Amino acid sequence: MRYSRILFLVVLLVAVAAIAWYLTPHRPAVSDVTVYYTKDDGASEIPWTISVRPPSAGESAASRLQYLVLYAASQAVAGPPQSVSAVRFPAGTRVLSASVDGMTATVDLSSEVNRNPGALTESGEFKSLVWTLTALPGIDRVAVRVAGNKIATLPGGNFELDEPLRRSDW
């Protein structure tokens with residue numbers, strides 16, 4: 001009788017652990033990220049794989065994703081090596097901050113992004129940023145802020161930023 005109670009408790013404990021594991025979201029640890037740079041023609045992307053630091057001990061999935069969004073956005077804005085022919089953000093543009101809320105990454109860019117390079121370049125810049133961030137697990141849209149402010153368009157008016165952007169926008 002006592003043996004059957006212990007066996008029942010062990011089976012119950014294993015079942016509870018299995019259910020808890022099954023219900024917990026599991027995301028693979030990301031060891032590298034693909035940054036997409038838009039070719040000068042504006043029509044296609046150049047994938048560029050970069051390594052990222054391994055997850056820290058005890059780092060939560062949310063903290064890891066926020067780190068990946070910030071790092072990948074910074075790489076997309078910095079642009080590829082000079083030897084690669086691609087659309088680039090205006091000189092001096094940098095990522096001020098990045099955050100994640102649900103499936104939306106929000107990236108705050110410095111005011112240098114306001115320099116009007118023309119419609120094709122603006123589209124290519126943001127296509128690179130959106131394609132890079134939506135390649136991360138759990139991100140499907142990107143909201144853009146400039147110097148902390150939500151804006152409708154850049155000064156040239158060529159590209160709308162008032163709603164989060166998705167890959168399907170291109």
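The values are calculated or read from the model by the stated rules, or taken from the named source; none is laboratory data. Just so you know, these numbers come straight off a predicted model, no measurement behind them. Note: ideal-geometry Cβ built from the backbone for every residue, glycine included; neighbour counts use all protein chains shown. Just so you know, the surface numbers come from the protein's heavy atoms only, side chains and all, with ligands and any DNA or RNA stripped out. Shrake-Rupley method; radii C 1.70, N 1.55, O 1.52, S 1.80 Å.
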* Restricting attention to segment 52-60, does a residue exist that is more than 16 Å from Trp131 (Cα to Cα), without any contact (Cβ under 8 Å) to a residue 12 or more places away in the chain and within 13 Å of the chain's Cα centre (by Cα)? -> no
* **Filter result (touching a residue at least 12 places away in the same chain (Cβ under 8 Å) and open to solvent by 30 Å² or more (accessible area, probe 1.4 Å)) within segment 82-107** => Ser85, Arg88, Ala91, Gly92, Arg94, Leu96, Ser97, Ser99, Val100, Met103, Thr106
* Working carefully through the options Ala143, Ala147, find the one that is open to solvent by less than 20 Å² (accessible area, probe 1.4 Å), among the small types (Gly, Ala, Ser) and at pLDDT 90 or above. => Ala143
* Asked: Does any residue of segment 68-75 turn out to be open to solvent by less than 80 Å² (accessible area, probe 1.4 Å), among the hydrophobic types (A, V, I, L, M, F, W, C), part of a helix (DSSP H, G or I) and modelled with pLDDT under 90?
  -> no
* To do: Determine which member of the set Thr34, Thr24, Thr49 is surrounded by fewer than 11 Cβ atoms within 10 Å (Cβ to Cβ) and at pLDDT 85 or above.
  => Thr49
* Given the conditions (1) under 14 Å from the mean Cα position of the chain (by Cα); (2) at positive phi, which single one is not true for Val130? -> (2)
* Asked: Are there any pairs with C-beta distances below 6 angstrom linking a residue in segment 129-143 that is free of Cβ contacts under 8 Å to residues at least 60 places away in the same chain to a residue that is basic (Lys, Arg) and open to solvent by 50 Å² or more (accessible area, probe 1.4 Å), with the two at least 6 apart or on different chains, and if so which?
  -> Thr134/Arg167; Arg141/Arg166
